[in-house]
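**Q** Below is the structure I would like to discuss, written out as structure tokens.
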Amino acid sequence: MKAFFAATAASNGVTVSANPSYLSERSVPDRDHYVWTYHIRIENGRDTPVQLLSRHWIITDGTGHVHEVRGDGVIGVQPIIAPGDSYDYVSACPLETPMGTMTGSYQMIGAQGERFDAVIPLFLLTSPAAVGSRN
């Protein structure tokens, strides 16, 4: 069964897809605490392996406040992705507002030592409270 992804971006021969899910069981709206998981798939469309070295996330909450996160790898690993293969992982993001966005890039290295960025598509984080507030 093919997974549904809310947003996809292709750059430098690498396709990154994202699918967020609101976690009502970990969120406490009365305390302005909202949590989402997001499933990421990184697909290598190149003819040679690539390795994910680091990440740069740009997280914007519903008030426009921007928080940037940089770090090595993803969920503790720096995966090597063979040609035609993909790497999937799931992580989480808390916010103090019922909606926000995430985007960014992965810093990668190719088989010949060339460094490049793979774009993480902009995706929306929405909670039931955000959807209800639009009415």
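The values are calculated or read from the model by the stated rules, or taken from the named source; none is laboratory data. Given the structure is predicted, the values throughout are model-derived calculations rather than measurements. All Cβ positions, glycine included, derive from the backbone under ideal geometry; neighbour counts span all protein chains shown.
**Q** Could you list all residues from region 20-76 that are over 18 Å from residue 7 (Cβ atoms) and among the aromatic types (Phe, Trp, Tyr)?
**A** Result: 34, single match.
**Q** Among what's in region 42-97 and is under 13 Å from the mean Cα position of the chain (by Cα) and either at pLDDT below 95 or in a loop (DSSP other than H, G, I, E, B) (or both), pick the residue that is farthest from residue 11 (Cα to Cα).
**A** Ranking the qualifying residues of region 42-97, first place goes to 75.
**Q** Could I ask something else about it? In region 26-65, what residues are of a type in the set (Gly, Ala, Ser) and exposed (fewer than 13 other Cβ atoms within 10 Å of the Cβ)? Give the steps one after another, and end with the answer.
**A** To start, the set of residues in region 26-65 that are of a type in the set (Gly, Ala, Ser) comprises 27, 45, 54, 62, 64.
Once the filter is applied, which keeps residues that are of a type in the set (Gly, Ala, Ser) and exposed (fewer than 13 other Cβ atoms within 10 Å of the Cβ), region 26-65 yields only 64.
**Q** Considering region 1-25 alone, what residues qualify as being surrounded by fewer than 14 Cβ atoms within 10 Å (Cβ to Cβ), in contact with a strand residue (DSSP E or B) (Cβ under 8 Å, 6 or more places away or on another chain) and in contact (Cβ under 8 Å) with a residue 24 or more places away in the chain?
**A** Selection gives 3 alone.
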